Amino acid sequence: MYNANVKVLDIHGHVSAPGGNGAQLLGQMLASNTPTRLDPHNDLPNLNMNEQTWAASVKRHTDLMDDHNIDSQLIGPRPFLMLGWMQPHLLPGWTRFVNNMIHKQCLVRPDRFAGACQLPQNPGAEDTTHCVAEIDRCVKELGFQGIYLSPDPAGDRTSPGVDTRYWDPIYAKAVEYNIPISVHGTNCTDPRLAPIPQNYQVGFLWEQFLATQLYMHGDAFERFPTLKVLVCHCGGSLDRFIKSDNHLGQKDYSKNLFFDTNALDLDYLEAAIKPRTPKQPAFGTETPGSGGAIRPETGRPGDDLVPHIGAMPFLSEEDKTLIFQTNSAYLCPALDKLTGRAGVN
């Protein structure tokens, strides 16, 4: 809790499956060039995946959430492991397996987690109709409450822009089920980035910023007026124009377009919140993820953001409530209904 009345809903989290299973399964798939049908709900000792390893892995995750004052979290795939460059006949099997792992984590702690699905995205397809069946399965059978969308799944910048009708089958399903779309970069195969450690993060920045611009200037929200989109990592980058400049979109996006708070540099985070007003940022940390480095001035992990947002002097208590709870609850109503840390430990 942020305080006695305000829950902290983390809109940006990723699955924490027992270590080693994904790599071994992926190796089996690539070695045989055939899709997998393995189900992580069963005891799979060869993948180090059983009730004990699941319990330990999820406990590490929830322990960090407790330490960071996070009540509940929407979890999806690990973006750099979405593997959108995989051959089309293999990707659906991998996607199904990842979604089953997300579901398993939600079953272990249904008081803390809601699931968001990975999709078997094929940028070469005519549109995204090929993703609809997995959305239906994840929502109807697994109870998922969100969709992860890579704007460039192959990492080679060949995908249609997020404003185009190519994406309409996914948008229509998100509207039908009243669940949010989390736009998150994934892989990046640009060879120029080879010298940069963890260079997939640079791909995140570009793709999320481009998606923001396309949503602002395109007509996706006119085609789908109730579509709810969260762009991760504060939208990738900041705008450099004033609000009245036509370089920026001039429409009202207050019910459609949101940005998480997953920026670890505090000056950057403040700059991301101020021009958008507290109506658009939704609390998100990716805990546990890439933000575990220790701040020298506090001795605390960088992704422990509740105290920093709570101390921002330009935010009123009402503003902080919007960021910590209200905006995330609007995007994902089911997240607000989880019992959170008040549930069974």
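The values are calculated or read from the model by the stated rules, or taken from the named source; none is laboratory data. This structure is a prediction, so every number in the text was calculated from the model and none was measured. So basically every Cβ, Gly included, is an ideal-geometry build from the backbone, and we count neighbours across all protein chains shown. Remember, those area values only see protein heavy atoms, side chains included, never the ligands or the DNA or RNA. Shrake-Rupley method; radii C 1.70, N 1.55, O 1.52, S 1.80 Å.
Filter region 233-284 down to residues that are under 19 Å from residue 184 (Cα atoms), part of a helix (DSSP H, G or I) and of a type outside the set (Val, Ile, Thr) and give me whichever is farthest from the chain's Cα centre (by Cα). Taking the candidates together, the pick is 268. Just checking, does region 167-180 include any residue being of a type outside the set (Val, Ile, Thr), under 16 Å from the mean Cα position of the chain (by Cα) and assigned to a strand (DSSP E or B)? Scanning region 167-180, I find no residue that is of a type outside the set (Val, Ile, Thr), under 16 Å from the mean Cα position of the chain (by Cα) and assigned to a strand (DSSP E or B), so the answer is no.
Restricted to helices (runs of 4 or more DSSP H) entirely inside region 293-345, those with at least 3 residues that are over 19 Å from the mean Cα position of the chain (by Cα) and touching a residue at least 40 places away in the same chain (Cβ under 8 Å) are 306-310, 317-321.
Scanning region 157-182 for residues that are open to solvent by 30 Å² or more (accessible area, probe 1.4 Å) and touching a Leu at 6+ places or on another chain (Cβ under 8 Å) yields 163, 175. The set of residues in region 63-80 that are touching a helix residue (DSSP H, G or I) at 6+ places or on another chain (Cβ under 9 Å) and either within 21 Å of residue 293 (Cβ to Cβ) or open to solvent by 10 Å² or more (accessible area, probe 1.4 Å) (or both) comprises 65, 66, 68, 69, 70, 73, 78, 79, 80.
Residues of region 307-339 that are open to solvent by less than 10 Å² (accessible area, probe 1.4 Å) and closer than 13 Å to residue 68 by Cα: 309, 324. Scanning region 105-129 for residues that are open to solvent by less than 20 Å² (accessible area, probe 1.4 Å), under 18 Å from residue 49 (Cα atoms) and in contact with a helix residue (DSSP H, G or I) (Cβ under 8 Å, 6 or more places away or on another chain) returns a single hit, 105. For region 81-98, filtering for residues that are part of a helix (DSSP H, G or I), buried (at least 19 other Cβ atoms within 10 Å of the Cβ) and hydrophobic (A, V, I, L, M, F, W, C) leaves 4.
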